[in-house]
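Written out below as structure tokens is the structure these notes cover.
The values are calculated or read from the model by the stated rules, or taken from the named source; none is laboratory data. Computed from a predicted model, the values in this text were never measured in an experiment. Cβ sites come from the backbone with ideal geometry, for glycine too, and all protein chains shown count toward neighbours. Surface accessibility is based on the protein's heavy atoms, side chains included, excluding ligands, DNA and RNA. Shrake-Rupley method; radii C 1.70, N 1.55, O 1.52, S 1.80 Å.
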Number of protein chains: 2
Amino acid sequence: MFKALADPTRRLLLDLLFSRDGRTLGELEVEVEMTRFGVMKHLRVLEEAGLVVTRRSGREKLHFINPVPIRLVHDRWIDKYTERHVAALVDVKNELESEHVDH
Amino acid sequence: MFKALADPTRRLLLDLLFSRDGRTLGELEVEVEMTRFGVMKHLRVLEEAGLVVTRRSGREKLHFINPVPIRLVHDRWIDKYTERHVAALVDVKNELESEHVDH
DNA sequence: ACCGTATGTGACCAGAAGGTCACATATCAA
DNA sequence: TTGATATGTGACCTTCTGGTCACATACGGT
């Protein structure tokens, strides 16, 4: 899941699918500086991570974004690191740059 | 940033620092099945990604978690994929399994 | 049936990433 | 200052990853 998000091309593909869902491989291919094989691999990674779901329509394969797992990351992981600190987080950066006294 | 989060060891290190901040390399080393060199590399990646900030204290180097960039991901990226879909997201999975009509 | 189009598979290669080690430097304490 | 402790550096190796290609299959239209 995190590994799927680690690659910029895959994030771009997610962005493309976010702006318009249900595209085929061919439609996505033209948007990226890469052969369709590379795109295929990336889509496969995204699909295995559950970030993208697909549906065949004839000889075409339609790709849809799946917000569920992203929501899970949001709920289970991101919040863990934000909620607890967010109160003291007026400007942690400044605090650190001046003098990191306590924490 | 995403690449920094992609490795399980680094997420573990973040977890450790989350539970208790300001640890030294040696303190973190004993928690992980790895030599200190490996841990050092991972901490370096986390630091370069801005997820961890450090402060020297004598011969020790203290590591602190930095919630700021995680918050940025939350605000700039995660929300983009959740907010828009979250209304129609009672159970997208079922919707897809039965028949993906529109979106 | 045939041709064009859309997608799939496996081999292959270069480079990045994860991990270890020998060696080096810096600090504390006696 | 001498020794023990804490961290740093560069070389090195192995495995994973990103990307391409030759070839194969599947479907649609005419």
(request) Over both sides of the B-A contact, add up the buried accessible area with a 1.4 Å probe and give it to the nearest 100 Å². (result) 3500 Å²
(message) Using only the alpha-carbon atoms, what does region B:2-65 span along each of its principal axes? Please give whole angstrom values in decreasing order.
(response) 32, 24, 21
(message) Under the rule of at least 5 residues apart or a separate chain, name every residue whose amide H is placed under 5 Å from the amide H of residue B:22.
(response) B:63, B:64, B:65
(message) On the rotation axis linking copies A and B, which residue of A comes nearest by its Cβ, and by how many whole Å?
(response) A:6, 2
